[in-house]
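Undergrad: Mind looking over this structure? Questions follow.
Rule-based calculations on the coordinates, nothing more; no lab input. These figures come from a predicted structure and were not determined experimentally. Note: ideal-geometry Cβ built from the backbone for every residue, glycine included; neighbour counts use all protein chains shown.
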Amino acid sequence: MVDEFDIVVEQLVTAKSPVSVKAAAGCGKTEAIVRAVALSTGKQLVLTHTNAGVAALRSRFRKHHVPVSQYQVDTIASWLLKYASAYPSMSNLAVAKPQGNDWGEVYPAAQKLFSYAFLENVLMASYDGVYIDEYQDCTQLQHAIALRLCNFLPVRVLGDPLQGIFDFCDPIVDWQTDVLPTFNPTPDLTQPYRWQNSNPELGKQLGDIRTKLLNHEPVDINLYPEINWQPWSENSEIEVCKYVKAHKRGTIAGIHYWPDDAHRTAKGLNGLYQSIEEMDCKELMTTVRRIDEWLLQENFTAIISGIKNLTMKACAERSIFSDKEYLKKEFEQLQNGDLSIVPKIIDSITNDIGKKVYRKELLNEMKNTFQEFSTEKYSSIYEAAFAARYRTRVNGRKPENRIISRTLLIKGLEFNHAIVLNADKLQNQKNFYVAITRGSESLTILSSSPLLNLDK
Amino acid sequence: MKLRKLIIQKFRGIDNLEWEIKSDLVCLVGPGDSTKSTILLALEYLFSPNWNLPITDSDFHQMVVQNPIIIEAIITELPESLLSEEKFGLYLGFWNNDGGSKKNQENDDDHIALKIRLTIDSDLEPVWEVMSFQEDEKEPRRISSTDRQKLGVAKIGSYVDADLAWGRNSALSRLTQRDDLTKIPSLLAEAERRVLNSLAELDLSLLEMAIGDIVPVAQIMGINAQDAFHAGIDPLRVSLRQGAISLFDGQLPLSLRGAGSRRLMTMAIHKSGVKEGAVILVDEIENSLEPYRLRHLIRQLRPNDNDNHQVLFTTHSSVTVVECIASEIFVVNSQNGNTKVIQVSVDLQNIVRSIPEAFLCRKVIICEGKTESGLLLSLDQNFWQNKHEKETGQWRYLTMAEAGVSPIESPKSGGSEAPKFALAMAKLGYEVAYFGDSDRDLNPSADCMKENGIDVFLWDGNVEIERRLCFDLPQNELEGLITLAENLNDRNKVWADIKKQFSTHISPEFCSSWEGLISLGDERKLRELLGKAADDGKWFKRRDKGESLGTFLSGYLDMMGDSPTFRTLVSIEKWCYG
């Protein structure tokens, strides 16, 4: 009997017309892409949405020794930017190096460019086929571009509509009405590979929950012996996290929806778990903007207080700066205008109260910012911060063993243990599904009641 | 691949050249040192698949190495593999036959184009890059030698034999490897091994007789055999990979055939070598080829409409010129490094057909009639050459040949086309002079010609050459003129012509001898009527007759001191040889 996985892979490889694959979380979607690319002839373009996704795909390709000549992995945004910025007069792209909101300009520019005839020659000379991963997160514009690609290359799209949690920005594709009419569906990928070697029962039970969610039925946690349930309270969040750390080995992810909730929990854990920063690291960027202004005014007193405030946000300790002799000299230097001392200050603090830091990433980025700035390649600290953050964006965050994070930031990642810190605040079914499928060994859910009824 | 535009800066004799190539067959003509071979060399270098080029300081324009050599071309009809994203898919531009190069694709007839540039600065390292068409500061991308090779530009040069063998970089290897990349090297290596093996079976004992004598002496000197000394075949000297396997016709290698045949075969190999269309460059296409083979070659090389080939060659042969149509001929001229390549207009098609050598001169004197051109040729040989040899230092050139001057008569008899022709040649960049009878009804006018840089030489007094001479010859030589006419034409006709003119002035019985004519008494009238007779009678209106007239005149020109004839001829002399 042929495995559903092999059937899907075969259809991906041989498809001449557009194809779509629906894959539940942890059911071998990445593996299917890599296997299909390895078996295809010619170079395949593999697109996904995030740099983390790109890194994950690349490392899986390497693991399977797929020759580099077979594939090109990129984010949709940067791949389109490559083209739109190569031909600015035809794409009308105004910004060659987009930042933040500028990225929105890239898609209409690319769409305009792709309407020119010569693109067909270029794309057909470059690739024999296209794979687009996490298709459920595609915006309508991105979808339009994918449809255009279907005109000259075989396009296969993979994703899970039940994990489409980025739907709060621009309108995203509807799998039923947008994807299926053009992209013929293969059988769904439903084998829970992620849990196979660690907790296959959990995998099965999660599959069951998926079905209930898809049918908009309520979920009774009591029916699932592999899933631990605790009544929610601010205190029980802390207790559960401590418990899991004490009794389990491996990586642990505590999951919230809102950033403030995540920071609060991490703070309460006094540094046992690290809170993850958003990609755009707003707090750092805002602080750094102000520091630039103060720098122009040579107001080093304000700069010092800005840095102190940001540092205190990252630490669970109240009095990091009071009565610290070892910092006195450094702050004097800073008062005199020596910004290069900041990384040293941060190092000293970390050495002193390191264990109590619960937003290491924030502190690290601040340190990186000032290190970058001292190379004198930048005209402002903001630019240096942007460059430092960009490097993290591309290279990936430093992995931590225990984190408190948010669904939007941990989608696609895998941990040994997952703790849903407050299921009631997870907004909708999709966020819930993403959260519960992050842990391969164990899952703990905190909510007001074990009978969950999340709408949407 | 098609070349659409070429820019050359600071390379050898070319300070700057910008040329839109508007033909698939290009015949470059131009006087010596017009830099036409330099243009082909520049193309050869731009598309060379070699890592290094034989560049020295003397390749820089005026040897100023601070000014880098830049050779750039816009090309279309590209091999598909170069259009990929990782190659040059993000560096494309467009070319329109009417509009030239553009950065946006607007019409259906906009071809996808690339801009390739070779830069060599004072470190003599050639750098090959593809440039962006966009006006931003996008960094150019290097183009590898393998990719340059894909563009299929081949220069047929002196080393044709290399291309007739399966050597490292030969066209034949590339043609063979096109379909099967890997097998050739191993085939050659295997062939080499087999040759060595069979040589090893040779009995070389005859050669080894000397070894017995050597061994004891070697031992004394301290050299001992580790195994045993004997005669063997050195594999380094029996290498098949450097082209020992070559093209044969039956038992004989093609390399034994004549130069012409070898060149033709090489061109055939290059033409078949690139399926996406080759660009073949040939310097002096007529080399080693008889006219019939040359004509055939040009017809075969000429691309059809569906070919993507292009052929560019230089020539000094009028056979080549005749075989091309006007729009395929391009005149190269260079003034102080400022080089221009001008396409011959279709209006000159009948000149191309009938006087091809006109395009192969440096300076052209357009003569209104055959008499004039013959006259000049003869004066050059019989009079001016000797004169210049005696007047050392005064003249730049001794002969017309040396000066690159060609007297050419207008193709249509009657000479009415001559001024138009002169103007057309001047516009092509040739140095042009017009030598004619008079300025009546010249179209274009003499003034118009002068405005276009043409030197206009006319006989004084608006008369034809025959009449002018009759006015200016020394008196005692007039009879000689009649004798000359008698020798060149029918004697009776000559006197009949004379009678026709003179009979209204003297009685007919005097019109049959020189003495009779003198009886007219009025020397001026005599000269006038004689001139009219010569003109109307067309005594000298043929090139050979004009030549004889010139020979005749050579004897007396010294004595004609201050005459209009003399003055006109002096100014022509200055123009030709000065």
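Undergrad: Please list, by residue number, every one of the GluC sites (Glu not before Pro) in region B:59-168 that is coil in DSSP and has at most 10 other beta-carbon atoms within 10 Å. Write out the running numbers ahead of the final one.
TA: Details: sites: B:Glu72, B:Glu77, B:Glu80, B:Glu85, B:Glu86, B:Glu106, B:Glu129, B:Glu135, B:Glu137; in loops: B:Glu77, B:Glu85, B:Glu86, B:Glu106, B:Glu135, B:Glu137.
In loop regions of region B:59-168 (DSSP not H, G, I, E or B), the sparsely surrounded GluC sites (Glu not before Pro) are B:Glu135, B:Glu137.
Undergrad: For region B:21-69, restrict the atom set to alpha-carbon positions and state the Rg and Dmax in Å.
TA: Both quantities, over Cα of region B:21-69: 13.1, 36 Å.
Undergrad: Mind listing the long-range amide H neighbours of A:Leu452? Cut-off is under 5 Å, sequence gap 5 or more, other chains count too, H placed in the peptide plane at 1.01 Å from N.
TA: The answer is A:Val219, A:Asp220, A:Ile221.
Undergrad: Per residue, how big is the convex hull of region B:189-282 when only Cα atoms are used? Give it in Å³. If you can, show how the numbers build up before the last one.
TA: On the way: hull volume 20.4 nm³, N = 94.
Measuring per residue, one finds 217 Å³ for the Cα hull of region B:189-282.
Undergrad: I would also like to ask the following. Can you give the longest stretch of chain B with no exposed loop site, where a site means chymotrypsin sites (Phe, Trp or Tyr not before Pro) in a DSSP loop (not H, G, I, E or B) with at most 12 other C-beta atoms within 10 Å? Can you show the working numbers first?
TA: On the way: sites that count: B:Trp51, B:Tyr159.
For chymotrypsin sites (Phe, Trp or Tyr not before Pro) (loop position, at most 12 other Cβ atoms within 10 Å), the longest site-free span of chain B is B:160-578.
Undergrad: Quick one: pull the percentage of alpha-carbon pairs in region B:361-578 with a separation above 23 Å.
TA: Details: 11125 of 23653 pairs.
Looking at region B:361-578, the distances longer than 23 Å represent 47 percent of pairs.
Undergrad: Now for a different question. Pairwise over distinct Cα atoms, reciprocal of the mean inverse distance: report the Kirkwood radius of chain B in Å, one decimal place.
TA: Working: mean 1/r = 0.0344 Å⁻¹.
Computed over Cα pairs of chain B, the Kirkwood hydrodynamic radius comes out at 29.0 Å.
Undergrad: For region B:361-578, what is the percent of antiparallel DSSP beta bridges, rounded to the nearest 5? Numbers along the way, then the final one.
TA: Numbers: 0 of 14 bridges.
Percentage antiparallel, nearest 5: 0.
Undergrad: For peptide A:113-122, how many partner chain Cβ atoms fall within 10 Å of a residue's Cβ, on average? Present the calculation step by step, with values, prior to reporting the outcome.
TA: Values: counts 0, 0, 0, 5, 4, 9, 3, 0, 7, 10.
Average neighbour count from other chains, rounded to a whole number: 4.
Undergrad: Additional query: Roughly what % antiparallel, to the nearest 5, for the DSSP beta bridges in chain B? Don't jump to the answer; show the numbers that get you there.
TA: Values: 45 of 76 bridges.
Of those bridges, close to 60 percent are antiparallel.
Undergrad: Additional query: Using R₀ = 35 Å, calculate the FRET efficiency as 1/(1 + (r/R₀)^6) where r is the Cβ-Cβ separation of A:Asn351 and A:Arg393; round to 0.05.
TA: Working: r = 28 Å, r/R0 = 0.79.
Plugging the Cβ-Cβ distance into 1/(1 + (r/R0)^6) gives 0.80.
Undergrad: May I ask you to list the GluC sites (Glu not before Pro) in region B:320-398 that are in a DSSP loop and have at most 12 other Cβ atoms within 10 Å of their Cβ? Mind showing how you got there, number by number?
TA: Working: sites: B:Glu323, B:Glu328, B:Glu357, B:Glu368, B:Glu372, B:Glu389, B:Glu391; in loops: B:Glu368, B:Glu391.
Answer in residue order: B:Glu391.
Undergrad: If amide hydrogens are placed 1.01 Å from N in the peptide plane, which non-local residues have theirs closer than 5 Å to the one on B:Glu286?
TA: B:His316
Undergrad: What translational D, rounded to a whole number of µm²/s, comes out for region B:457-578 from Stokes-Einstein when the hydrodynamic radius is the Kirkwood one over Cα pairs, at 20 °C and 1.002 mPa s?
TA: Working: Rh = 14.8 Å.
This corresponds to a translational diffusion coefficient of 145 µm²/s.
Undergrad: Right, here's the next one. How much mean residue ellipticity at 222 nm does chain B get from its helices, if each DSSP H run of length 4 or more adds -39500 (n - 2.57) and you divide by all residues, to the nearest 500 deg cm²/dmol?
TA: On the way: 22 runs with 210 residues, N = 578.
Helix-only estimate at 222 nm: -10500 deg cm²/dmol.
Undergrad: Which whole-angstrom value gives the distance between the alpha carbon centres of region B:1-58 and region A:242-312?
TA: 64 Å
Undergrad: Hey, how many Å between the Cα centroid of region B:451-520 and the Cα centroid of region B:269-330?
TA: 51 Å
Undergrad: Using the Cα gyration tensor of region B:216-347, with a ≥ b ≥ c the square roots of its eigenvalues, what is the shape: rounded (a/c below 1.5), prolate (a/b larger than b/c) or oblate (neither)?
TA: Working: a/c = 3.41, a/b = 2.61, b/c = 1.31.
Taking the square roots of the gyration eigenvalues as a ≥ b ≥ c, region B:216-347 is prolate.
Undergrad: Per residue, what volume in Å³ does the convex hull of the Cα atoms of the protein assembly as shown enclose?
TA: Values: hull volume 347.5 nm³, N = 1034.
It comes to 336 Å³ per residue, whole-number rounded.
Undergrad: Right, next: Only loop residues by DSSP count here, and only those with at most 12 other Cβ atoms within 10 Å; note down the GluC sites (Glu not before Pro) in region A:280-334 that meet that. Working shown, then result.
TA: Values: sites: A:Glu283, A:Glu293, A:Glu298, A:Glu317, A:Glu325, A:Glu330, A:Glu332; in loops: A:Glu298, A:Glu317.
Hits after loop and neighbour filter: A:Glu298.
Undergrad: Now for a separate question. For a test of the definition: using alpha carbon positions, the gyration tensor, and the 1.5 limit on a/c, classify region A:153-202 as rounded, prolate or oblate. Intermediate results must be reported in sequence, preceding the final value.
TA: Details: a/c = 2.95, a/b = 1.57, b/c = 1.87.
Because a/c hits 1.5 or more and a/b fails to exceed b/c, region A:153-202 counts as oblate.
Undergrad: If you don't mind, there's one more thing I want to ask. For B:Ser173, B:Ser144, what ranking results if the residue with the fewest other Cβ atoms within 10 Å of its Cβ goes first? Kindly include the intermediate steps, with their values, before the conclusion.
TA: Values: B:Ser173 21, B:Ser144 12.
Final ranking by Cβ density, sparse to dense: B:Ser144, B:Ser173.
Undergrad: Report the semi-axes of the equivalent ellipsoid for region A:251-302 in whole Å, largest first, where each axis is √(5λ) for an eigenvalue λ of the Cα gyration tensor. Spell out each step's value before the answer.
TA: Numbers: eigenvalues 194, 29, 14 Å².
Listed largest to smallest, the semi-axes of region A:251-302 are 31, 12, 8 Å.
Undergrad: What does the convex hull of the Cα atoms come to per residue for chain A, in Å³?
TA: Values: hull volume 71.6 nm³, N = 456.
Spelled out: Cα convex hull of chain A, divided by residues, is 157 Å³.
Undergrad: Taking every alpha carbon pair in region A:308-378, what does the distance histogram look like in 5 angstrom bins from 0, in percent?
TA: That works out to 3, 16, 28, 26, 17, 7, 2, 0, in percent per bin.
Undergrad: Also: For region B:50-97, what are the per-bin percents of Cα-Cα distances with bins 10 Å wide, up to the bin holding the maximum?
TA: Spelled out per bin, shortest first, that is 18, 33, 24, 25, 0.
Undergrad: Under a crude label model (7 Å from the Cα following the beta-carbon direction), how far is B:Lys574 from B:Ala218 in nanometres?
TA: With each label placed 7 Å out from Cα toward Cβ, I get 8.3 nm.
Undergrad: Short version: what are the Cα gyration tensor semi-axes of region A:106-160, square root of 5 times each eigenvalue, largest first, in whole Å? All intermediate terms of the calculation are to be shown ahead of the outcome.
TA: Numbers: eigenvalues 72, 44, 10 Å².
So the three semi-axes of region A:106-160 are 19, 15, 7 Å.
Undergrad: Taking the Cβ-Cβ separation of B:Glu479 and B:Asp536 as r and a Förster radius of 25 Å, what is the calculated FRET efficiency to the nearest 0.05? Each step should come with its number before you reach the end.
TA: Values: r = 20 Å, r/R0 = 0.78.
E(calc), rounded to 0.05, equals 0.80.
Undergrad: Taking a 32 Å limit on the Cα-Cα distance, which of the listed pairs B:Lys370/B:Lys499; A:Lys377/B:Lys10; A:Lys97/A:Lys356; A:Lys16/B:Lys271 fall beyond it?
TA: A:Lys377/B:Lys10; A:Lys97/A:Lys356; A:Lys16/B:Lys271
Undergrad: Related question: Counting only DSSP beta bridges with both residues in the protein assembly as shown, what percent are antiparallel, rounded to the nearest 5?
TA: Numbers: 49 of 120 bridges.
Counting only bridges with both partners in the protein assembly as shown, antiparallel ones make up about 40 percent.
Undergrad: Just check region A:42-177 against the gyration tensor rule for me: Cα atoms, a ≥ b ≥ c as the square roots of the eigenvalues, rounded for a/c under 1.5, and otherwise prolate or oblate depending on whether a/b exceeds b/c. Kindly include the intermediate steps, with their values, before the conclusion.
TA: Numbers: a/c = 1.42, a/b = 1.09, b/c = 1.30.
Since a/c stays below 1.5, the shape of region A:42-177 is classed as rounded.
Undergrad: If you don't mind, another one. For an R0 of 35 angstrom, estimate the FRET efficiency from the Cβ-Cβ distance between B:Glu18 and B:Leu236 and round to the nearest 0.05.
TA: Numbers: r = 50 Å, r/R0 = 1.42.
With R0 = 35 Å, the Cβ-Cβ based efficiency is 0.10.
Undergrad: Using alpha-carbon pairs under 8 Å, 6+ residues apart, how would you state the relative contact order of chain B in percent?
TA: On the way: 997 pairs, mean separation 80.4, N = 578.
It comes to 14 percent, rounded to a whole number.
Undergrad: Provide, as a two-decimal number, the C-alpha radius of gyration of region A:345-405 over 2.2 N^0.38 Å, N being how many residues it has.
TA: Values: Rg = 12.7 Å, N = 61, 2.2 N^0.38 = 10.5 Å.
After normalising by residue count via 2.2 N^0.38 Å, the value is 1.21.
Undergrad: Please work out the Cα center distance from region B:114-148 to region B:389-448, rounded to the nearest Å.
TA: Region B:114-148 and region B:389-448 have Cα centres separated by 45 Å.
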